[in-house]
Each structure stands twice: as structure tokens, then as C-alpha cells.
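The values are calculated or read from the model by the stated rules, or taken from the named source; none is laboratory data. Just so you know, these numbers come straight off a predicted model, no measurement behind them. Here the Cβ positions follow ideal geometry from the backbone for every residue, glycine too, while neighbour counts run over all protein chains shown.
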């Protein structure tokens, strides 16, 4: 089963600095699951609390209001833009990782660093079937 976080339907609960790392806490993240491409092909949507740790990271902008709804975003893995505002799970090992989130309030925030790790917190909660492309 393939999985990915859809940034658009997720909530940023906290963005914190932990030593040299940045911790991005999604409470919850909207996670697409599919036998094909998550968020594109038929599958399901789940709510899952996730902590995303970025090593040796820097933050650009800190949202005043937290938690805050994420309106969209992009990620780059080793300089390559990942499409569709989706964060693959598990994250591939990478030298450089950049996350940009567009927030409902406070504009945008970015975190840039390396070796991203996503940790699932608690159990996922089923939300809905995702139909995939129309016939």
C-alpha cells in the first residue's frame, strides 16, 4: 500500500526547534492510501497524527496562530520538486529536504534541512473512500 500526506487537508499543530532539528507536528495529517498513486488513484483517506523531523534545519517564518489549517504546500527532495502537494510516506533518505506550507493565517512558513523522518503518533482514523479519476 502506498501512502502520502496531502498538505492541503492537514493541520499544522506546532512548528518547533529541537536542538539542530525542526519538528513539524501535523494534528492530524490527511493521509491518502492507494495501491497506485496516493491522492490520484482510487484508495482511502485517513486522519493520522504525524511528527516530521528535519535534521540540521532552519525555519523561515513562524506562524503566530497554532494550530492552523494548511491551505497548500510543496516539498523538494534533493532539489527535485515533488508534485501535487503530497509528502510520500515513508520519506526517502535524502541529503536535502525543503518543506513550504501555505497557511490559512500568517502566510507561509518553510523548513529546510536534511534526513527527514516521519513518525506516526497513535492510530490512524478512517475518513473516506477516495474514488480516483472519473471514468
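Just one of (1) closer than 20 Å to residue 21 by Cβ; (2) in contact with a helix residue (DSSP H, G or I) (Cβ under 7 Å, 6 or more places away or on another chain) fails for residue 61. It is (2). Does segment 23-33 include one or more residues that are modelled with pLDDT of 95 or more, out of contact with any helix residue (DSSP H, G or I) (no Cβ under 8 Å at 6 or more places or on another chain) and either surrounded by fewer than 16 Cβ atoms within 10 Å (Cβ to Cβ) or not in a strand (DSSP E or B) (or both)? Within segment 23-33, none of the residues are modelled with pLDDT of 95 or more, out of contact with any helix residue (DSSP H, G or I) (no Cβ under 8 Å at 6 or more places or on another chain) and either surrounded by fewer than 16 Cβ atoms within 10 Å (Cβ to Cβ) or not in a strand (DSSP E or B) (or both).
Against the list (1) touching a residue at least 24 places away in the same chain (Cβ under 8 Å); (2) more than 12 Å from the chain's Cα centre (by Cα); (3) not in a loop (DSSP other than H, G, I, E, B), the condition residue 81 fails is (1).
Scanning segment 81-105 for residues that are buried (at least 16 other Cβ atoms within 10 Å of the Cβ), out of contact with any helix residue (DSSP H, G or I) (no Cβ under 8 Å at 6 or more places or on another chain) and closer than 21 Å to residue 65 by Cα yields 99, 100, 102, 103.
Mind checking which residues of segment 6-22 are out of contact with any helix residue (DSSP H, G or I) (no Cβ under 9 Å at 6 or more places or on another chain) and part of a strand (DSSP E or B)?
Initially, segment 6-22 is screened for residues out of contact with any helix residue (DSSP H, G or I) (no Cβ under 9 Å at 6 or more places or on another chain), giving 9-22.
Selection gives 11, 12, 13, 14, 15, 16, 17, 18, 21, 22.
No other residue among 56, 45, 72 is more than 17 Å from residue 123 (Cβ to Cβ), assigned to a strand (DSSP E or B) and under 16 Å from the mean Cα position of the chain (by Cα) apart from 72. A search for C-beta distances below 9 Å between a residue of segment 111-135 that is within 15 Å of residue 5 (Cα to Cα) and any residue that is loosely packed, with under 14 Cβ neighbours inside 10 Å and at pLDDT 90 or above, counting only pairs 6+ apart in sequence or on different chains, returns 117/90; 118/90; 130/42. If you filter segment 106-134 down to residues that are crowded, with 19+ Cβ neighbours inside 10 Å and within 14 Å of the chain's Cα centre (by Cα), you find that the one that is farthest from residue 11 (Cα to Cα) is 116.
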